[in-house]
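*Asks:* This structure is in structure tokens; I'll ask about it shortly.
The values are calculated or read from the model by the stated rules, or taken from the named source; none is laboratory data. Since the model is a prediction, treat every value here as computed from it, not as a measurement. Cβ placement follows ideal geometry from the backbone for every residue including glycine, while neighbour counts extend to all protein chains displayed. Side chains are part of the model used for accessible areas, which takes the heavy atoms of the whole protein and leaves out ligands, DNA and RNA. Shrake-Rupley method; radii C 1.70, N 1.55, O 1.52, S 1.80 Å.
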Amino acid sequence: MLSKRLAYFLSFFLIAMLSSCKKDGNSNNKQIIPISRPEVTISKTSLALSLPGNCQQSFTISNTGPQGTSLDYSIKDDGAVSGYLDFTNGSGTLSSGQSVTITISIKQDSTDSRLIPIDQSMILDVYTPKASNSVKVPVTIGITNSYSAFAKLIGSWSGTWDGTSKDTTQGGPNYLGRAAGTWQINFLKIDTVKGSISGTLTWKGTDNYWTPGDRTSGFLSLVPNPLNVNKTINFDTSNSTIFVDPEYPCSKLKIAIGYNGPQGSLSVADYYGPFMTANFDIDAKTVNNDHKIPVGIVTSEGFITHPYDPVTLEEEPFPSHGFISGVKN
């Protein structure tokens, strides 16, 4: 009887163990799969807009989360200083790996009718409520005066000048000569209030002065003589101007250096110049004129010099003129 009871007990025990193992196996097969969430990445969280050019700036919003996720976003101008900004693509949905570009500018009615809070920061908040890493990302937008771009000018720029000199008392192509050389500018300090910049301009090359030639031919001929130039002039508020080029308000500054008035009490050496005006592209780091100066036309665009006879100190009746080009060193 005892052995039957023991056998029955052992059988029951084995059945219970097998049932427990089966349940444990089923439990191991049931895996909890987490729900994937998108992840937001903002390319820039600090930008600056400048006036009066109102040059656009941009940043991107990307979904860098796992494959198959979707990122819902919206943008609101809800900072303490608000209502001045225009922006594109204010809301949308991005699949994994997708990006969108947000372009920002100052509202046109703001520039026309309201005082822009220069040097104050505004905030565009990017809301991404389902993102795993952030549900709100602030993008700071600063409003500055275009003169802040002056800082990119500081340093050394250099290039060439090329043009013509002439004495037109007789006229004709025989009375044209070439004036050419190199220049270098070191911009040292800026004055954003007076709209000027200080530094040094070094002007080297060959200009011309004209003297009478052989009289035996029956008329007075003129002969060009090389005037070797190597001079450095200082410039500051008194003899330089700088302003935003209205045609290229986001990248170019037009700068004039030198004296372009009547000779007055200046010596012929000082009156020689040069006087130069050119576009300085602060992004491309290049210097040029809008166009090459046509032969025979004197303009303030490019350079003007007043050659003279170094022996007699007699000033030539017509200035040399031409164009310049260069780069930032």
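*Asks:* What is the residue count in segment 280-306 for residues that are open to solvent by 40 Å² or more (accessible area, probe 1.4 Å), at pLDDT below 90, assigned to a loop (DSSP other than H, G, I, E, B) and not hydrophobic (A, V, I, L, M, F, W, C)?
*Replies:* 8
*Asks:* Output the number of the condition that V223 fails; it satisfies all remaining conditions of (1) modelled with pLDDT of 90 or more; (2) more than 15 Å from F275 (Cα to Cα); (3) of a type in the set (A, V, I, L, M, F, W, C); (4) surrounded by fewer than 17 Cβ atoms within 10 Å (Cβ to Cβ).
*Replies:* For V223, the failing item is (1).
*Asks:* Let me ask something additional. N234 is checked against (1) closer than 19 Å to S158 by Cβ; (2) not in a strand (DSSP E or B); (3) not hydroxyl-bearing (S, T, Y) and fails just one. What number does that condition carry?
*Replies:* Unmet condition: (2).
*Asks:* Output the residues belonging to segment 88-100 that are open to solvent by less than 30 Å² (accessible area, probe 1.4 Å) and part of a strand (DSSP E or B).
*Replies:* G92, L94, V100
*Asks:* Across segment 56-87, what is the total count of residues that are open to solvent by less than 50 Å² (accessible area, probe 1.4 Å), farther than 29 Å from I143 by Cα and in a loop (DSSP other than H, G, I, E, B)?
*Replies:* Within segment 56-87, residues that are open to solvent by less than 50 Å² (accessible area, probe 1.4 Å), farther than 29 Å from I143 by Cα and in a loop (DSSP other than H, G, I, E, B) number 2.
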